């Protein structure tokens, strides 16, 4: 019976601590004997003042550091309920990410970003069209984002579908937007099929490069902002197996 009371007491204390953490800005209590770092729950959100001070290179560095935290399982503890309330009247994101639709690519988590930090555009195969370009122009020219990042990923089904020339309903037209990347990748030495992971990755990287090329060629607004150093346009390949990033030149 005594042992049961101790367990219940511990459970009650743990519940109280969890409640305190969720209130926002409250230190996470740790047993001093563990010597674990005491963390605080983040409630801050990006403000206009924060955004104005940021430079494109600083945002990119922030993403790199965030990905390191993600890979090591050290993502920032955030009070999302509080951040929702704070961002309700306005948003000042630092970047816009064009990502694939894939459910295994949690963009905000991959870069350890919170509510109001980034715009995320998703479409299978992370390709660029008029709608995406308009969204990016809104994100950067109107809303002040400093970084455009095109994010492809490992084992992409859309890339495999384009390689295999899949034809099915509206998927046919969608994959047509990725076909230029397949054509760009014919210099690959090896098996050029969707069963070859190395070729799929090669096409994915070509697709990232092609998307960046399309952004610069079809958006005079974003091209001018990049030329002036107001934004940076980059591409990265996300590895599903370990959460790491490879930047595509």
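The values are calculated or read from the model by the stated rules, or taken from the named source; none is laboratory data. Owing to the predicted nature of the structure, the values given are computational and were not obtained by experimental measurement. Glycine also receives a Cβ, built like all others from the backbone with ideal geometry; neighbour counts cover every protein chain displayed.
Screening residue 105 with (1) closer than 18 Å to residue 245 by Cβ; (2) in contact with a helix residue (DSSP H, G or I) (Cβ under 9 Å, 6 or more places away or on another chain); (3) not in a helix (DSSP H, G or I) gives one miss only, at (2).
Determine if the stretch 157-165 includes at least one residue that is closer than 18 Å to residue 67 by Cβ, in contact with a helix residue (DSSP H, G or I) (Cβ under 7 Å, 6 or more places away or on another chain) and at pLDDT 95 or above. Scanning the stretch 157-165, I find no residue that is closer than 18 Å to residue 67 by Cβ, in contact with a helix residue (DSSP H, G or I) (Cβ under 7 Å, 6 or more places away or on another chain) and at pLDDT 95 or above, so the answer is no. With respect to the conditions (1) buried (at least 24 other Cβ atoms within 10 Å of the Cβ); (2) out of contact with any helix residue (DSSP H, G or I) (no Cβ under 9 Å at 6 or more places or on another chain), residue 131 lacks only one, and its number is (1). Return the pairs, sorted by first residue and then second, in which the second residue is assigned to a helix (DSSP H, G or I) and modelled with pLDDT under 95, the first residue lies in the stretch 76-102 and is in the same structural domain as residue 129 (by TED's automatic domain parsing), the beta carbons are less than 6 Å apart, and the residues are 6+ apart or on different chains. Listed pairs, sorted by first residue: 92/48; 92/51.
Can you tell me which residues in the stretch 52-75 are under 11 Å from residue 243 (Cα atoms) and in contact (Cβ under 8 Å) with a residue 40 or more places away in the chain?
67, 69, 70, 71 - these are the residues of the stretch 52-75 that are under 11 Å from residue 243 (Cα atoms) and in contact (Cβ under 8 Å) with a residue 40 or more places away in the chain.
The residues listed here are 232, 146, 179, 223; of these, the one that is in contact with a helix residue (DSSP H, G or I) (Cβ under 6 Å, 6 or more places away or on another chain), modelled with pLDDT of 95 or more and more than 30 Å from residue 57 (Cβ to Cβ) is 179.
In the set (1) assigned to a helix (DSSP H, G or I); (2) touching a residue at least 12 places away in the same chain (Cβ under 8 Å); (3) in contact with a strand residue (DSSP E or B) (Cβ under 9 Å, 6 or more places away or on another chain), residue 131 fails one condition alone, (2). Test residue 87 against the criterion of being more than 18 Å from residue 233 (Cα to Cα) and in contact with a helix residue (DSSP H, G or I) (Cβ under 9 Å, 6 or more places away or on another chain), and give yes or no. For residue 87, the condition - more than 18 Å from residue 233 (Cα to Cα) and in contact with a helix residue (DSSP H, G or I) (Cβ under 9 Å, 6 or more places away or on another chain) - is not met.
Conditions tested, residue by residue: (1) surrounded by 15 or more Cβ atoms within 10 Å (Cβ to Cβ); (2) in a helix (DSSP H, G or I).
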residue: 136; (1), (2): yes, yes
residue: 155; (1), (2): yes, no
residue: 158; (1), (2): yes, yes
residue: 172; (1), (2): no, yes
residue: 175; (1), (2): yes, yes
residue: 181; (1), (2): yes, yes
residue: 206; (1), (2): yes, yes
residue: 217; (1), (2): no, yes
residue: 235; (1), (2): yes, no
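Considered as a group, the residues in the stretch 43-74 that are in contact with a helix residue (DSSP H, G or I) (Cβ under 6 Å, 6 or more places away or on another chain) and not in a helix (DSSP H, G or I) include one that is surrounded by the most Cβ atoms within 10 Å (Cβ to Cβ), and that residue is 45.
Condition check: in contact (Cβ under 8 Å) with a residue 60 or more places away in the chain, more than 28 Å from residue 249 (Cβ to Cβ) and buried (at least 18 other Cβ atoms within 10 Å of the Cβ). Does residue 114 satisfy that?
Criteria met by residue 114.
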